[in-house]
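Computed from the coordinates by the stated procedures, all read-outs in this text should not be read as laboratory data. Everything numeric in this text was worked out from a predicted model, so none of it was measured. With ideal geometry, Cβ positions are generated from the backbone for all residues, glycine too; neighbour counts draw on all protein chains shown.
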Amino acid sequence: MASITVTLNTEELDTQIELWRATVDMKIPISDHLKLHFIAKRREILTGLLETGRHYDALLALMEPVEADKERFAETRRKVQEFRRWAADGLHDLNELAKS
C-alpha cells in the first residue's frame, strides 16, 4: 500500500464546523443584511455544508492515524458525522416546514 504522512489540524477543522453552525443558526452577532441572506438561502447553504461534511468524511475514511492519535482522530470523525447530521436535520426541518 502506498501512503503519505500528513498532519491534520483538528483544531482548525473544529473551528470551521463550529463557526459554520453558529453562523447558519444565527448564534453569533451578524448584520441584519447577512441574517436575511442566511434565512433566504438556508436550504442552499445547508445543502452545501452537507456536501462539505460528506467530503470531509470521505477523506477521513481514507486516513489511518498513528496509534497515539487514534482517540483524537475518532473524535474528529464523530464531530464531522455530527456536523453532517446537523445539516441533514436542518434540511429535513425545512422540508417539513414546506409541507405545512
**Prompt:** For the stretch 3-100, what is the charge dipole size about the Cα centre, in debye to the nearest 20, if Lys and Arg each add +1 at the Cβ and Asp and Glu each add -1 at the Cβ?
**Reply:** 420 debye
**Asked** In the chain, how does Rg compare with the Kirkwood Rh, expressed as the Rg/Rh ratio over alpha carbon atoms?
**Response** 1.07
**Estimated FRET transfer efficiency (Leu13, Ala98; beta-carbon r; R0 35 Å; 0.05)** = 0.65
**Prompt:** According to a simple spin-label model (label point 7 Å from Cα along Cα-to-Cβ), what is the distance in nm between His55 and Arg78?
**Reply:** 2.6 nm
**Message:** Counting other C-beta atoms within 10 Å, and keeping those with at most 16, which DSSP coil trypsin sites (Lys or Arg not before Pro) do you find in the stretch 33-91?
**Reply:** Lys41
**Request:** Go ahead and run the numbers for FRET between Ser31 and Asp89, Cβ-Cβ distance against an R0 of 30 Å, rounding to 0.05.
**Result:** 0.70
**Sequence-distant lysines (8 or more away, or on other chains) whose Cα lies within less than 23 Å of Lys35** = Lys27
